[in-house]
Amino acid sequence: MRKFLMAALGGTVAGVVLTTQVAGPLVAQETDKPNVYEQLDLFGDIFERIRSQYVEPVDEGKLIEAAINGMLTSLDPHSSYLAPDAFDDMRVQTRGEFGGLGIEVTQEEGFIKVVSPMDGTPAAEAGIQAGDFITHVDGESVLGLTLDQAVDKMRGPVGSEIVVTVARKGVEEPFDVSIIRDTIKLTAARGRLEGHTVVLRVTTFNDQTYDNMADALKKSVEEAGGMDKINGFVLDLRNNPGGLLTQAIEVSDAFLDKGEIVSTRGRNPQDSERFNAEPGDLAEGKPVVVLINGGSASASEIVTGALQDHRRAIVVGTKSFGKGSVQTVIPLKGEGAMRLTTARYYTPSGRSIQALGIAPDIVVEQPKPKPADPAATTEPESAATQSRSEADLRGAITNDTMSDDEKRVWEEEQSKAEAAAKLREDDYQLAYAIDILKGLSAIAVAE
């Protein structure tokens, strides 16, 4: 029997990836408690009473599934039973294409909490944010439902509409959000150039992540004209809920030459594992900044913790989600599976981030978008508040000593400054990360 090791998700998925890694055989253990068989007899008695005396006929299979799931979900938020359909969905999702909303969720205080929306998915486009609580699905409360039951309610045919009620911190009243279900096709990683900085956006850790990231990095460096034209890399892991442990290790290894990446420790010492980096750094020693926020979970935290502990990257943003446990998905009879928490993972320095998260080296909040103010667009700025320079002064001496080349350089610098100002308005955290790399590059040039 194979079992699949998961080191990723902050919960169950409503159209997001789960995590798998082939591992060793399951070792059955006998319990020392003498009354365990008496308890099983009690379960059998209750099961028979329900079958024979409940007010309506019951589906016996669903009763058993509910009992199994109840046993697992009583352990922690991440252990659960996967019915055959859900198990099939999980295996499809790890390949990077699936149907759903595009959100990673967990359960907290009986409600569904959004770990993160995935880039470019219906949930993200509808404005769902990390930290939102979903209290109702199509008008029906999720209170009292298991996580899997609530997720089932959010699944449905592609193109169909779902209305979720959202409670958001800082907003007094819950509000409804309409979302059209769609086929989610995830590009696990992509890259782009911002000036002399390569920005690598990693949205999830599925089978495609490392290859996507390595290709994006290579293409961006070629576009810049070579590695000597690059001042550094930004690895953007914001709102990345995690994914495959193997991919988290490969992405970490891409920026490390040696040393431990992560270790996992189970109930028994013999179940512990340690994963080390191999020689080779795709960034060739260039500075790296990692961006994280409250939606960065598990596999994202493994990468962040490894690069932070090895002083390979500066971590910028806000505290991560704090999921430091490992789930093993074990196939069962009847084509279903059991998702069971079997270990905790630790960063190279021996930190467990379970329920704590990773604190960034530099805390940078993402400013909330300012509400549109019609008056601001129609009312001109007063002369007293307008920005003025030497060139605005009456009778100022003109600069007629600049050559054509100097004018061209000045115009390029002005263009770059305007682009940087726009980026700060669009994405302040990313602009901050790029500014750090610019500063490091300036120091290196001066030396």
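The values are calculated or read from the model by the stated rules, or taken from the named source; none is laboratory data. Predicted model, so just to flag it, every value in this text is computed and none were measured. Cβ placement follows ideal geometry from the backbone for every residue including glycine, while neighbour counts extend to all protein chains displayed. To get the accessible areas, we keep the full protein, side chains included, count just its heavy atoms, and leave off ligands, DNA and RNA. Shrake-Rupley method; radii C 1.70, N 1.55, O 1.52, S 1.80 Å.
Remarks
- Annotation: of all residues in segment 355-369 being touching a strand residue (DSSP E or B) at 6+ places or on another chain (Cβ under 6 Å) and in a loop (DSSP other than H, G, I, E, B), the one that is farthest from Val315 (Cα to Cα) is Val364.
- Tabulated pairs, segment 98-126, first closer than 16 Å to Asp148 by Cα and open to solvent by 20 Å² or more (accessible area, probe 1.4 Å), second at pLDDT below 85 and part of a helix (DSSP H, G or I), C-beta under 6 angstrom, 6+ apart or interchain: Gln107/Leu147
- Scan of segment 189-212 for residues that are over 15 Å from the mean Cα position of the chain (by Cα) and open to solvent by less than 30 Å² (accessible area, probe 1.4 Å), ordered by number: Thr197, Val198, Val199
- Filtered residues of segment 158-188 (kept if touching a strand residue (DSSP E or B) at 6+ places or on another chain (Cβ under 9 Å), open to solvent by less than 70 Å² (accessible area, probe 1.4 Å) and in a loop (DSSP other than H, G, I, E, B)): Gly159, Ser160, Arg168, Arg181, Leu186, Ala188
- The one condition from (1) without any contact (Cβ under 8 Å) to a residue 12 or more places away in the chain; (2) touching a helix residue (DSSP H, G or I) at 6+ places or on another chain (Cβ under 6 Å); (3) among the hydroxyl-bearing types (Ser, Thr, Tyr) that Ser141 does not meet is (2).
- Of the residues making up segment 130-157, those that are in a loop (DSSP other than H, G, I, E, B) and open to solvent by less than 50 Å² (accessible area, probe 1.4 Å) number 7.
- Subset of segment 274-302 that is in contact (Cβ under 8 Å) with a residue 60 or more places away in the chain and over 22 Å from the mean Cα position of the chain (by Cα) - its residue that is farthest from Ser220 (Cα to Cα): Pro287
- Candidates Glu412, Glu406, Glu365, Glu425: the one that is farther than 30 Å from Asp88 by Cβ, at pLDDT below 75 and open to solvent by 90 Å² or more (accessible area, probe 1.4 Å) is Glu406.
- Scanning segment 112-129 for residues that are modelled with pLDDT of 90 or more, over 10 Å from Val164 (Cβ atoms) and part of a loop (DSSP other than H, G, I, E, B) yields Gly127, Gln129.
- Lys319 in a loop (DSSP other than H, G, I, E, B), basic (Lys, Arg), over 25 Å from Leu256 (Cα atoms) and open to solvent by 10 Å² or more (accessible area, probe 1.4 Å): no
- Counted as qualifying within segment 202-316 are the strands (runs of 3 or more DSSP E) with 1 or more residues that are closer than 17 Å to Ser349 by Cα, namely 260-266, 273-276.
- For segment 315-343, a residue qualifies if it is touching a Gly at 6+ places or on another chain (Cβ under 6 Å) and of a type in the set (D, E, K, R), and the qualifying residues are Lys319, Lys323.
- Asn268 meets the conditions (1) open to solvent by 10 Å² or more (accessible area, probe 1.4 Å); (2) closer than 23 Å to Met227 by Cβ; (3) not hydroxyl-bearing (Ser, Thr, Tyr) in every case but one. The failed one is (2).
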